[in-house]
């Protein structure tokens, strides 16, 4: 299982700013190791975010996203105490789901 | 342990490690004003010359300040950029939780790359006894 995401959600006015730092290798499949063999691609393919259980964001990612990706987005209508859940699935089928409370 | 034997222990430890693939190094920062810019530069150079090095930065006391959200150096340049660039290269930044209590700081005030350790000095001692090289910039 991958390392947990670090999620921060801060309410300001009628929206909340969510910042997510994911821990993932994001290997492109283009690099070669010291022996000259291609390193197999390994990257996050799908990202979803939910506000109190309702999906507010879905994204399809590819190998061009950098290692340990950072994602920031605003959620309209989110207020302090609300739950923000972020999920990702990578191309090996590995998953991760983490939750944060809006402050 | 006398200073001399400590230095000797570190030298022995580093020589032993040089044989293995990865050098493991602790950078100790306890004063942002005098150490942070220099330390980050040292670490960047360290990784440029030896990209496989595993570096852990342990901060406590006034050394935690450069890991706070919105922290800037003496010339007004933000620390967040260089720190996250190094974090992306595998450098771990650890903050002493005793310092948080003493200075009344909250974990949310620090950048997301930062990690926490119950005590900075204990962490340094443990890593050093595990054979890691010690550098105080």
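Couple of notes before you dig in:
- In the elastic network of chain B, a GNM with C-alpha springs shorter than 10 Å, the most mobile of B:81, B:90, B:39 is B:81.
- Rh (Kirkwood; distinct C-alpha pairs) - the protein assembly as shown, Å: 19.9 Å
- Chain A - percent relative contact order, Cα under 8 Å, separation 6 or more: 34 percent
- The Cα center of the stretch B:106-120 and the Cα center of the stretch A:38-71 differ in position by 25 Å.
- Per residue, the convex hull spanned by the Cα atoms of the stretch B:29-84 amounts to 76 cubic angstrom.
- Gaussian network model of chain A, springs between alpha carbon atoms under 10 Å - residue of A:90, A:14, A:33 with greatest fluctuation: A:33
- Rounded to the nearest 0.05, the FRET efficiency derived from the C-beta distance between residue A:103 and residue A:25 at R0 = 22 Å is 0.15.
- Choice from A:35, A:49, A:66 with maximal GNM fluctuation in chain A (Cα, 10 Å cutoff): A:35
Rule-based calculations on the coordinates, nothing more; no lab input. Everything quoted here is computed from the prediction, not taken from an experiment. Every residue, glycine as well, gets a Cβ built from its backbone with ideal geometry; the counts of neighbours run over all protein chains shown.
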